[in-house]
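Report on one structure; see the data block that follows.
The values are calculated or read from the model by the stated rules, or taken from the named source; none is laboratory data. No experiment lies behind these values; they were computed from the predicted model shown. We place every Cβ from the backbone using ideal geometry, glycine too, and count neighbours over all the protein chains shown. Side chains included, ligands, DNA and RNA excluded: accessible areas come from the protein's heavy atoms. Shrake-Rupley method; radii C 1.70, N 1.55, O 1.52, S 1.80 Å.
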Amino acid sequence: MAVMSCRSMVTYKGGGRMALRACGLFGAREMGSVAASMETLVQQGWRVGEEGGGGRRVVVVERQEEGGGGRGVQWVFLGCPGVGKGTYASRLAKLLQVPHIAMGDLVRQELSQTSSMAKQLATLMSQGQLLPDDIIIRLLSKRLENNMASSQSGFILDGFPRTVHQAEMLEEVADIDLVVNLKLREDALIAKCLGRRICSQCGGNFNLARLEMEESNSAPRIFMPPLLPPPSCASKMTTRADDTEEVVRTRLRIYYEESKPVEDFYRGHGKLLDFEVSGGIPETWPRLLAALHVDEKHTNHDNSHKMAA
Ligand SMILES: Nc1ncnc2c1ncn2[C@@H]1O[C@H](COP(=O)(O)OP(=O)(O)O)[C@@H](O)[C@H]1O
């Protein structure tokens with residue numbers, strides 16, 4: 001297999017066709033694992049071929065699925081820290097039966113290692129800085145390859161892409177259908193980050209903040225009740241190291257500088273759906289489902305949802 005300077009990412013194409021692409025733009029470091037993955041995939045009955053030419057050679061691994069049915073959604077959730085990306089992306093993923101891929105969780109898993117590299121990354125993260133692209137892409141590639149190996153054909157991404165460069169890389173390897181841009185006024189974002197708690201045992205996410213904010217300037221009125229833990233988790237609450245006020249403000253600044261342009265990128269591609277969060281889950285969830293044309297009872301949704309509006 002002639003593959004030069006490649007790393008792997010997975011993309012899924014329509015009609016049940018699933019593909020893994022290894023693209024020149026990802027650099028050389030991961031080729032060993034790509035080759036190993038490919039060998040495994042070939043053993044599993046995938047067909048390996050090449051597409052493209054010149055400096056952009058792409059390896060495609062594909063298999064026609066039984067019945068040739070459609071694939072799962074490939075959606076992205078954007079939004080500032082604390083807006084609720086994880087909450088709503090994970091609920092939707094469960095409903096639509098696709099994996100929820102939370103970049104922050106992948107990073108935290110990686111950082112639980114004790115290597116000196118993990119320590120350096122943990123420091124960057126605790127300061128609210130973005131991590132280097134090569135690390136992020138490696139983690140995401142691995143996760144998407146696992147998806148493909150288990151024949152999962154779709155995903156809801158949360159926390160990726162966070163820069164226009166990452167968005168451009170994603171465009172090369174996936175056919176994103178829709179990008180949901182969650183919005184919430186800044187004072188509420190800060191309060192929500194500071195109220196966030198995680199159960200050290202079950203990993204459940206909770207929020208102690210009770211928000212009641214009147215309309216001011218252009219910011220809408222907000223009422224959000226706390227999301228309290230059950231008694232079994234109450235004594236095991238932990239706070240993320242990057243959820244202090246100073247670091248949250250840094251994360252917000254970085255969001256405006258680095259990630260806000262990603263909204264414009266997807267708006268330009270006609271894929272962005274802006275959605276204002278103004279209440280707790282019981283109020284917001286049905287509004288979000290309606291905006292996404294998802295029917296909770298029948299789990300009907302238009303998978304070709306390419307932004308009509
Ligand atoms: N796409 C990414 N690019 C670079 N760094 C990332 C990315 N996703 C997550 N990280 C790192 O992980 C941290 C936590 O991410 P996440 O849990 O998604 O936080 P948030 O609640 O701020 O959206 C980020 O502040 C950053 O350090």
Most to least packed among 189-195, 121-127 [average Cβ atoms within 10 Å]: 189-195, 121-127
E172, E283, reordered so the largest accessible area comes first (probe 1.4 Å): E283, E172
R196 long-range amide H proximity, modeled H, under 5 Å: L208
Neighbourhood charge, 13 Å Cβ-Cβ cut-off, centred on A167 and excluding it, Lys, Arg +1 and Asp, Glu -1: -3
Eligible lysines near K192 by straight Cα distance, threshold 22 Å, same-chain separation 8 or greater: K85, K183, K236, K260
Computed over the range 155-297, Kirkwood Rh from alpha-carbon pairs, angstrom: 17.1 Å
Neighbourhood net charge (14 Å Cβ-Cβ; Lys/Arg +1, Asp/Glu -1) for Q129: -1
Modelled FRET efficiency - R0 25 Å, A290 with D264, Cβ distances, 0.05 increments: 0.45
Radius 12 Å from Cβ of T87, net charge of other residues (Lys, Arg +1; Asp, Glu -1): +4
Two-site label geometry, E212 and H165: point separation in nm, points 7 Å out along Cα→Cβ: 4.7 nm
Dimensionless Rg/Rh of the range 84-233 - Kirkwood Rh, Rg from C-alpha atoms: 0.98
Using distinct alpha-carbon pairs, which all enter the 1/r mean, Kirkwood radius of the range 66-128 in Å: 14.0 Å
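Assuming R0 = 41 Å, what is the FRET efficiency of E257 and S235, from their Cβ-Cβ distance, to the nearest 0.05?
The calculated FRET efficiency here is 0.55.
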